[in-house]
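J.: This structure is in structure tokens; I'll ask about it shortly.
Computed from the coordinates by the stated procedures, all read-outs in this text should not be read as laboratory data. No experiment lies behind these values; they were computed from the predicted model shown. Every residue, glycine as well, gets a Cβ built from its backbone with ideal geometry; the counts of neighbours run over all protein chains shown.
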Amino acid sequence: MLDYERKAKILIKTAMAKQDLDYQKLKELLESKGISITRENLTNKINRGKFSFAFALCLFEVLNIEIN
């Protein structure tokens, strides 16, 4: 499972870097979708690579990551 957690972290952080987003801005984008989360909790989830699939889908949406 650790390999998938690492891949999840890399995917999200790469998308953030491409869009020049920090955790605060990502938090604001999630809040615009009705997701209430602290910056600290968001940072921890992404750095661990552990979050629900539903949360991942929301991240994909706000980061414009397409799933094919």
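J.: Output the peptides 35-42, 10-17 sorted from most to least packed, where packing is the average of other Cβ atoms within 10 Å over each peptide's residues.
T.: Details: 35-42: 12.8, 10-17: 14.9.
Answer by packing, highest mean first, reads 10-17, 35-42.
J.: In addition: Sum up the charges of everything whose Cβ sits under 11 Å from the Cβ of Leu2, counting Lys and Arg as +1 and Asp and Glu as -1, but leave Leu2 out.
T.: On the way: positive: Arg6, Lys7, Lys9, Arg48, Lys50; negative: Asp3, Glu5.
Net local charge, Leu2 excluded: +3.
J.: Follow-up. So how far apart, in nm, are the two label points at Thr43 and Glu28 if each is 7 Å from Cα heading toward Cβ?
T.: 1.7 nm
J.: When the Karplus curve 6.51 cos²θ - 1.76 cosθ + 1.60 is applied with θ = phi - 60°, which whole-Hz ³J(HN,Hα) does each residue of segment 46-58 get, with x for Gly and Pro?
T.: Using θ = phi - 60°, the values come out as 5, 5, 7, x, 10, 7, 5, 5, 4, 5, 4, 4, 5 Hz.
J.: Right, another one. How would Phe51, Phe60 line up from fewest to most surrounding beta-carbon atoms within 10 angstrom?
T.: Working: Phe51 18, Phe60 15.
Least to most surrounded, the residues fall as Phe60, Phe51.
J.: When the helices in the chain are scored as -39500 (n - 2.57) per DSSP H run of 4 or longer and the sum is shared across all residues, what 222 nm value do you end up with, to the nearest 500 deg cm²/dmol? Each step should come with its number before you reach the end.
T.: Working: 4 runs with 47 residues, N = 68.
Calculated from helices alone, the mean residue ellipticity at 222 nm is -21500 deg cm²/dmol.
J.: Something else about it: Would you kindly calculate the translational diffusion coefficient of segment 2-62, applying Stokes-Einstein with the Kirkwood radius from alpha carbon pairs, for 4 °C and a viscosity of 1.567 mPa s, and quote it in µm² s⁻¹ without decimals?
T.: Details: Rh = 11.5 Å.
This corresponds to a translational diffusion coefficient of 113 µm²/s.
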